[in-house]
1. Out of all the residues in region 114-155, which are of a type in the set (Ser, Thr, Tyr), over 17 Å from residue 38 (Cα atoms) and at pLDDT 75 or above?
2. Select from region 2-24 the residues that are of a type in the set (Gly, Ala, Ser) and more than 22 Å from residue 150 (Cα to Cα) and list them in ascending order.
3. Evaluate region 22-45: report whether one residue or more is surrounded by 15 or more Cβ atoms within 10 Å (Cβ to Cβ), in contact with a Gly (Cβ under 6 Å, 6 or more places away or on another chain) and not aliphatic (A, V, I, L, M).
4. Can you pull out every residue in region 10-41 that is within 16 Å of residue 134 (Cβ to Cβ) and assigned to a helix (DSSP H, G or I)?
5. Six or more apart or on different chains, Cβ atoms under 8 Å: show the pairs whose first residue is in region 22-33 and on the phi < 0 side of the Ramachandran plot and whose second is small (Gly, Ala, Ser).
6. Among the numbered conditions (1) at pLDDT 95 or above; (2) among the small types (Gly, Ala, Ser); (3) in contact with a Gly (Cβ under 9 Å, 6 or more places away or on another chain); (4) in a helix (DSSP H, G or I), tell me where residue 53 comes up short.
Amino acid sequence: MHVPAREDTAEAVQTNPKAYFDSLSRTEQDKAFTAAGAESIRLGADISQVVNARRGALGLTPAGARITADEARALRGGRDVGRLQARDVYGRQVFTTTEGTTVRGQAGVRLGARENGARRSGGRYRSARTPRLMPESILAAAGGNRDEAIRLLRRFGYIT
């Protein structure tokens, strides 16, 4: 929705993501942002970090070039909609994302892309060696411990 700047207010649900999130019931939050994403936001994660992380998640992203709908379906194993896929990281199956892991991204700074021997990817951008966990894997690793979940959300750049 386009709202003229002079008519916008800080609390407007149309232009304030947190106000929109808070206006939803818990069930609606879980449906719109996924259960793990919504729980992460309720724990203090930045909505844009949670939403944008899905853009680089394994299984949800299309190939790097323009592809047809049939090609996308083939990449997803015949499914019309992508499904989050786990990958092996140090012997554990976890959900990861590449979104925000360059030194220009918030998580890239958090993950130490500058200090920890970042590798070149495409010349201009560098990325962190530590994989960025998705909220689903962070909450699973925290095992219901709220303080640990918040620590991990901060560690992986969801809480700034």
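1. First, pick out the residues of region 114-155 that are of a type in the set (Ser, Thr, Tyr): 121, 125, 127, 130, 137.
The next check asks that each one be over 17 Å from residue 38 (Cα atoms); those that pass are 121, 125, 127, 130.
Once the filter is applied, which keeps residues that are of a type in the set (Ser, Thr, Tyr), over 17 Å from residue 38 (Cα atoms) and at pLDDT 75 or above, region 114-155 yields only 130.
2. From region 2-24, those of a type in the set (Gly, Ala, Ser) are 5, 10, 12, 19, 23; that's our starting set.
Listed by number, the residues that qualify are 5, 10, 12, 23.
3. The answer is no, given that none of the residues of region 22-45 is surrounded by 15 or more Cβ atoms within 10 Å (Cβ to Cβ), in contact with a Gly (Cβ under 6 Å, 6 or more places away or on another chain) and not aliphatic (A, V, I, L, M).
4. Taking region 10-41 first, the residues within 16 Å of residue 134 (Cβ to Cβ) are 30, 33-41.
Correct list: 30, 33, 35, 36, 37, 38, 39, 40, 41.
5. 24/32; 26/38; 29/38; 30/38; 32/38
6. With respect to (1) at pLDDT 95 or above; (2) among the small types (Gly, Ala, Ser); (3) in contact with a Gly (Cβ under 9 Å, 6 or more places away or on another chain); (4) in a helix (DSSP H, G or I), residue 53 is out only on (1).
The values are calculated or read from the model by the stated rules, or taken from the named source; none is laboratory data. Note that this is a predicted model, so its numbers are computed, not measured. No Cβ is skipped: glycine too gets one built from the backbone with ideal geometry, and neighbour counts run over all protein chains shown.
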